[in-house]
Structures are given as C-alpha cells and as structure tokens.
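One structure is given here, and the rest of the page talks about it.
The values are calculated or read from the model by the stated rules, or taken from the named source; none is laboratory data. What you are looking at is a predicted structure, and each value in this text was computed from that prediction instead of being measured. Quick reminder, even Gly has a Cβ in these numbers, built from the backbone with ideal geometry, and neighbours come from all protein chains shown. Only protein heavy atoms, including side chains, enter the accessible area calculation; ligands, DNA and RNA are left aside. Shrake-Rupley method; radii C 1.70, N 1.55, O 1.52, S 1.80 Å.
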Amino acid sequence: MGSQRTDKFHPLLIVLHWLTLLLLVAVYCCIELRGLFPHGMRDVLKAWHFIFGITIFVLTPIRLLLSFVTRSPPIVPPCPGWQMFLAKSMEYVLYALLLAMPLLGYLAINADGRAVDIFGIHLPVLIGPGLALEERLSGMHSLLGRLAYLLIAAHAGAALYHHYVQRDNTLRRMLLR
C-alpha cells in the first residue's frame, strides 16, 4: 500500500478510526437525545440513528481489511504481553460490536414489519415480522449499546493511560501528525 511511516497506522485507517468515533457519537446523540425534541423531530433523529449505524456497518469491514493488509506500528517502549493480549482482545470485541449492533438494529426493524429506508433507497428485508423476535433483537441491540459505552470508555482510558502514565506511543500511532 505504498510507503507507510513505520511509527503510525496507515493514514486511511487513522481517518476511519476517528470517523467511526464521530459516527458513534452521532448514533448515541440521535437516540439518547431524541426525547428532548418534538415528536416529528424524534422520527428524524431515529432515521439518522439508522443511517449512521448502517454507515458504521459498511465502514467496519473496510477497516478490518485495511488492518489486515497493513502493518501495525510497534508500541515504543514495548508493553508487557498481558497488555498486548488485553489490547488485541478489546480490538476484536469492539470490531464485533461495530458489526453486531447495526445488524441487530436492522433485523429488529425488519422483525417489527418494516423495511430500512435510507435516502429513499429501500434496503432488503432479511427476516419476516415477529413481535417476540423484534423484542429480543431490540433488547440485544440496546444491551450491546450500553456495553459499548463501557468498552469505548475503557478503550479511550487505556489510550490516555498509555500516553500520560506509561508514556509510550500508543496514542500517537493513531494520530495523523
């Protein structure tokens, strides 16, 4: 993929990382703050929640592919093995959430008897309606959403810990400069 600096992640991977964060903030704002708006606006915020979620779902495989075909820069100074194990485990769990949450939301909409419509494009209905299934899918989507709050906070906290306490390059590897 061309000449890449050895002390940073691939620039596109960095951009996709921070874009995903912005999209996650937008997803959460749309759904958490919708109650503050008039009823007509709540539907708009819910629609944007779907759009941002589907966008995350589309970007995540691109991020995964790019992370597999590019080299991860080393952490300097190196971390203990247990920290690397925890970091890799967190990475896998976060990627799984970035795929599972939008998929569960999409399927919950289908199970509610509705199709997902984004900018006038009708996305395929993957499952038929079913109230019990919709409730289970919505519950799992919501539970994973709450779990993601904790995992994202832990991820950010670990990056700050590495930057300010361990004083390694963990955070700087994910910055464009």
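Which members of region 30-53 meet the condition of being open to solvent by 60 Å² or more (accessible area, probe 1.4 Å), in a helix (DSSP H, G or I) and of a type outside the set (Val, Ile, Thr)?
Glu32, Arg34, Leu36, His39, Met41, Arg42, Asp43, Lys46, Trp48
So that you can scan it fast, the table gives a plain yes or no per residue for (1) in a helix (DSSP H, G or I); (2) open to solvent by 30 Å² or more (accessible area, probe 1.4 Å); (3) farther than 23 Å from Leu65 by Cβ:
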site: Val93; (1), (2), (3): yes, yes, no
site: Pro102; (1), (2), (3): yes, no, no
site: Ala115; (1), (2), (3): no, yes, yes
site: Ala132; (1), (2), (3): yes, yes, yes
site: Ser142; (1), (2), (3): yes, yes, yes
site: Arg146; (1), (2), (3): yes, yes, yes
site: Ala153; (1), (2), (3): yes, yes, yes
site: Gly157; (1), (2), (3): yes, yes, yes
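Consider Ala87 against the criteria (1) within 22 Å of Leu19 (Cβ to Cβ); (2) touching a strand residue (DSSP E or B) at 6+ places or on another chain (Cβ under 8 Å): it satisfies all of them except one. Which criterion is unmet?
(2)
Report, by residue number, each residue of region 54-91 that is β-branched (Val, Ile, Thr) and either part of a loop (DSSP other than H, G, I, E, B) or more than 14 Å from Val27 (Cα to Cα) (or both).
Scanning region 54-91 gives Val58, Thr60, Ile62, Val69, Thr70, Ile75, Val76.
Does Tyr149 satisfy being over 17 Å from Val25 (Cα atoms) and not charged (D, E, K, R)?
So Tyr149 fails the test.
May I ask you to list the residues in region 117-130 that are at positive phi and outside any loop (DSSP other than H, G, I, E, B)?
If the condition is that a residue be at positive phi and outside any loop (DSSP other than H, G, I, E, B), then no residue fits.
Select from region 159-177 the residues that are without any contact (Cβ under 8 Å) to a residue 40 or more places away in the chain and exposed (fewer than 13 other Cβ atoms within 10 Å of the Cβ) and list them in ascending order.
Leu160, Tyr164, Val165, Arg167, Arg177
Which of the residues that make up region 65-91 are surrounded by 15 or more Cβ atoms within 10 Å (Cβ to Cβ) and without any contact (Cβ under 8 Å) to a residue 40 or more places away in the chain?
The one that is surrounded by 15 or more Cβ atoms within 10 Å (Cβ to Cβ) and without any contact (Cβ under 8 Å) to a residue 40 or more places away in the chain: Gln83.
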